[in-house]
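Laboratory data are not the source of any read-out in this text; all were calculated from the coordinates shown. Just so we're clear, the structure is a prediction, and the values are computed from it rather than from any experiment. Cβ coordinates were reconstructed from backbone atoms using ideal geometry, including for glycine residues, and neighbour counts include every protein chain displayed.
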Amino acid sequence: MNVPNNFDIDGKVCVVTGGSGELGSEMARALGENGASVVLLARGEEKLREAGEELAEAGIDYLTVSASVLDRAELKAASETVINEYGQIDVLINAAGGNSPDATTGPDTSFFDLPAEGIQHVLNLNFTGTVLASQVFSEYIVEEGTGSILNVSSMNAFTPLTKIPAYSGAKAAVSNFTEWLAVHMSHNYSTDIRVNAIAPGFFLTEQNRYLLIDEETGEYTDRGQSIIDHTPQDRFGQPEDLSTTVLWLISPGAEFVHGASIPIDGGFSAYSGV
């Protein structure tokens, strides 16, 4: 049987929130290298400019838009900018997110001392930002009657990690919302609009590098070693490890994948530790 090439995204317009971050920018690059026009949406003009320059050097058609995923008015203005430029929105990738020291337990901060403001910030950034961006940008996807929304969950959504209760809870909410929105879109708008999520495992980024690797010795920290010990592939993920799964999930080749959260974790979620 000849299997057709159903992984073509040429000409698609893809909005990536958190598009100037390490993981978001890597996903954007993969989209652009495969023929999509990419919209990087993030706060911080300098990082946006740098991310855009990297796409330009690769010959990728892109647009940068400065906006907060927690500000509906800014998101609405950003969506209008995208429509004015391209006339369509085919894909939304909700990659904005992150943790905060103010929502993390440690030697000097017990669970009982975590400030409400820090917890709320992490919940808002990861969950509320995903919901708001989906509300604003998917209106245009609904108008077309076809498209894809891809959320970024985490392995924390399957089994919460120590020290980061707000981040774990927020990502669990993202996975639950992915399922909810998948059903809602199919029942109320179009069965050709798909909603899925990726659930990255442990990726080395600038944000967490020295939590996992000792800056002076280059050896794994205790936490880093524990992660490796529970990852059958015996390594951390690299940003490019996300790309092929992202491309698959937003392409016609995954047209019957809907409401799923796909682990990209080197086997971490499959290992019981025994």
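Between region 156-189 and region 96-141, the C-alpha centres lie 13 angstrom from each other. Between amide H atoms placed 1.01 Å from N, distances below 5 Å from Ser261 occur with Ala197, all of them 5 or more places distant or on a separate chain.
Each part reduced to its alpha carbon centroid, region 27-59 and region 218-274 end up 23 Å apart.
Working from Cα pairs under 8 Å separated by at least six residues, relative contact order for the chain is 18 percent.
Note down the magnitude of the dipole of region 183-274 about its Cα centre, charges +1 on Lys and Arg C-beta and -1 on Asp and Glu C-beta and zero elsewhere, to the nearest 20 debye. Write down the numbers at each step before the final one.
Values: 4 positive and 13 negative charges, 98 e Å.
Once rounded to the nearest 20, the dipole reads 460 debye.
What the phi angles of region 23-36 give under the Karplus curve with 6.51, -1.76 and 1.60, with θ = phi - 60°, is a coupling list of 6, x, 5, 5, 4, 4, 4, 4, 4, x, 5, 9, x, 7 Hz, glycine and proline written as x.
When only the Cβ of Lys, Arg, Asp and Glu is charged (+1, +1, -1, -1), the dipole of region 1-114 relative to its Cα centre reaches about 340 debye.
Ellipticity at 222 nm from helices only: DSSP H runs of n ≥ 4 in the chain, each -39500 (n - 2.57), divided by the residue count, give -12000 deg cm²/dmol.
Taking amide H atoms as placed 1.01 Å from N in the peptide plane, list the residues 5 or more away in sequence, or in a different chain, whose amide H sits under 5 Å from that of Phe203. Those qualifying (amide H under 5 Å, at least 5 residues apart or on another chain) are Gly237. Peptides 233-242, 105-114, 118-127 ordered by packing proxy, namely the average of other Cβ atoms within 10 Å per residue, highest first: 118-127, 233-242, 105-114.
Near Ile141, once Lys and Arg are set to +1 and Asp and Glu to -1 for all other residues with Cβ below 12 Å from its Cβ, the sum equals -3.
Rounded to the nearest whole Hz, the Karplus-based 3J(HN,Hα) values (6.51 cos²θ - 1.76 cosθ + 1.60, θ = phi - 60°) of region 262-274 follow the sequence 9, x, 10, 9, x, x, 3, 6, 8, 9, 7, x, 10, with x at glycine and proline. Look at the dipole of the chain built from charges on Cβ: of Thr178, Ala42, Ile9, the Cα furthest out on the positive end belongs to Thr178. Who wins for biggest fluctuation among Ala28, Ala173, Ala58 in a Gaussian network model of the chain, springs between alpha carbons below 10 Å? Most flexible of the set in this elastic network: Ala58.
Per-residue 3J(HN,Hα) values for region 182-191, derived from phi via the Karplus relation 6.51 cos²θ - 1.76 cosθ + 1.60 with θ = phi - 60°, read 4, 5, 4, 5, 5, 6, 10, 10, 7, 6 Hz in sequence order (x marks Gly and Pro). Axis of helix 129-144 versus longest Cα principal axis of the chain: the two differ by about 20°, to the nearest ten degrees.
How large is the dipole of the chain about the Cα centre if only Lys and Arg carry +1 and Asp and Glu carry -1, each at its Cβ, rounded to the nearest 20 debye?
Working: 13 positive and 38 negative charges, 161 e Å.
Result for the chain is approximately 780 debye, rounded to the nearest 20.
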